[in-house]
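Shown next, in structure tokens, is the structure this report addresses.
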């Protein structure tokens with residue numbers, strides 16, 4: 001095989017066919033011997049944080065064996081092909097989910113403490129204070145490579161973010177696991193626009 005180090009530009013291909021197309025990235029558009037990491041086809045690094053407020057049955061998530069060669073719990077079976085690239089951590093405990101000594105609060109701030117490890121300030125007013133979450137630290141580092149640096153999605157409408165959600169804590173602490181700064185929780189998108197409806201109106205889908 002002879003490598004000429006020539007490649008076809010997308011503009012050249014469009015001029016040749018004489019029509020407008022939404023073209024995918026084609027192998028012929030990449031210069032020969034170019035490392036994948038330096039091409040547009042290189043996958044972007046992603047980080048996902050998932051919080052389940054009502055808990056999960058540990059028997060479905062924690063493997064029975066430690067080390068290597070452990071049997072996948074049935075909920076992990078779709079990840080079997082990626083076994084060599086997967087690490088499962090268990091037995092971890094977040095002390096930040098507990099209120100400080102002498103302060104009531106139960107688990108009214110667990111969501112806010114999840115990705116930052118800080119104990120939120122007990123307040124039902126506007127003077128909320130938590131900590132910048134790790135997802136936002138990552139977004140500030142690599143988020144510029146994507147259209148949206150970060151995206152916060154929920155499955156229900158969190159409602160107002162300033163009223164008392166119990167034990168004297170603001171609802172801001174329970175409505176978002178992502179905080180851009182110690183005093184600024186990120187809003188959650190709970191309805192996603194999918195496609196125009198039959199009459200041309202926007203159709204919304206809960207996620």
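Among the residues of region 66-75, which ones are assigned to a loop (DSSP other than H, G, I, E, B) and either over 17 Å from residue 56 (Cβ atoms) or touching a residue at least 12 places away in the same chain (Cβ under 8 Å) (or both)?
Across region 66-75, the qualifying residues are 66, 67, 68, 69, 70, 71, 73.
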Scanning region 81-138 residue by residue, the ones that are in contact with a helix residue (DSSP H, G or I) (Cβ under 6 Å, 6 or more places away or on another chain) and part of a helix (DSSP H, G or I) total 6
Per the list (1) in a helix (DSSP H, G or I); (2) over 30 Å from residue 185 (Cα atoms); (3) at pLDDT below 85, residue check on residue 78 breaks on (3)
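The values are calculated or read from the model by the stated rules, or taken from the named source; none is laboratory data. For clarity, every value in this text was computed on a predicted model and none was experimentally measured. In this analysis, Cβ positions are derived from the backbone assuming ideal geometry, glycine residues included, and neighbour counts consider all displayed protein chains.
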